[in-house]
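The values are calculated or read from the model by the stated rules, or taken from the named source; none is laboratory data. All values derive from a computational prediction rather than experimental measurement. Methodologically, a virtual Cβ is constructed for each residue, glycine included, from the backbone with ideal geometry; neighbour enumeration extends over all protein chains shown.
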Amino acid sequence: MRNVPLVALLDPGNAQTPSVQGGFAAFKQGLHAHGHVEGKTDLLEWRHANFELQRLPALAAELVRLSPTVIVTNTNRGVLAAKGATTSIPIVAAVAGDLLGTGSC
């Protein structure tokens with residue numbers, strides 16, 4: 001049993017891509033600025049689709065099995081994958097297009 005919240009991150013990109021690394025560094029920096037300390041006040045679990053968007057639903061389901069407190073994603077396709085994997089875990093769209101128009105919410 002965990003004593004701290006688990007934040008699950010679902011990304012369509014590749015962890016080695018500079019833009020992805022920069023985005024996640026900024027995300028972690030933002031959490032830290034609000035008093036979060038990874039491993040102490042929360043845990044982060046990352047899944048990357050490596051630009052193979054068809055993998056997003058399986059990765060979302062994998063994250064849901066970990067029972068995270070929240071799922072964070074940064075595309076409409078990520079939101080749809082997360083939405084297809086759970087009806088009870090909150091989903092945060094960090095960056096996305098027209099969520100209403102695409103049926104993501």
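Computed values, structure above
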read-out	value
Count of the range 7-21 residues which are surrounded by 13 or more Cβ atoms within 10 Å (Cβ to Cβ) and among the small types (G, A, S)	2
Selection within the range 38-76 - among the acidic types (D, E) and assigned to a strand (DSSP E or B)	E38, D42, E45
Pair list, Cβ < 6 Å and 6+ apart or interchain, from the range 81-105 residues that are modelled with pLDDT under 65 to residues that are exposed (fewer than 13 other Cβ atoms within 10 Å of the Cβ) and in a helix (DSSP H, G or I)	none
Criterion violated by F24 - all others in (1) surrounded by 16 or more Cβ atoms within 10 Å (Cβ to Cβ); (2) aromatic (F, W, Y); (3) over 13 Å from the mean Cα position of the chain (by Cα) satisfied	(3)
Residue satisfying all of: in the range 27-77; of a type in the set (S, T, Y) and more than 12 Å from L10 (Cβ to Cβ); farthest from the chain's Cα centre (by Cα) among these	T41
Within the range 1-37, considering residues that are in a loop (DSSP other than H, G, I, E, B) and touching a residue at least 60 places away in the same chain (Cβ under 8 Å), the one farthest from K83 (Cα to Cα)	P5
V79 part of a strand (DSSP E or B) and not hydroxyl-bearing (S, T, Y)	no
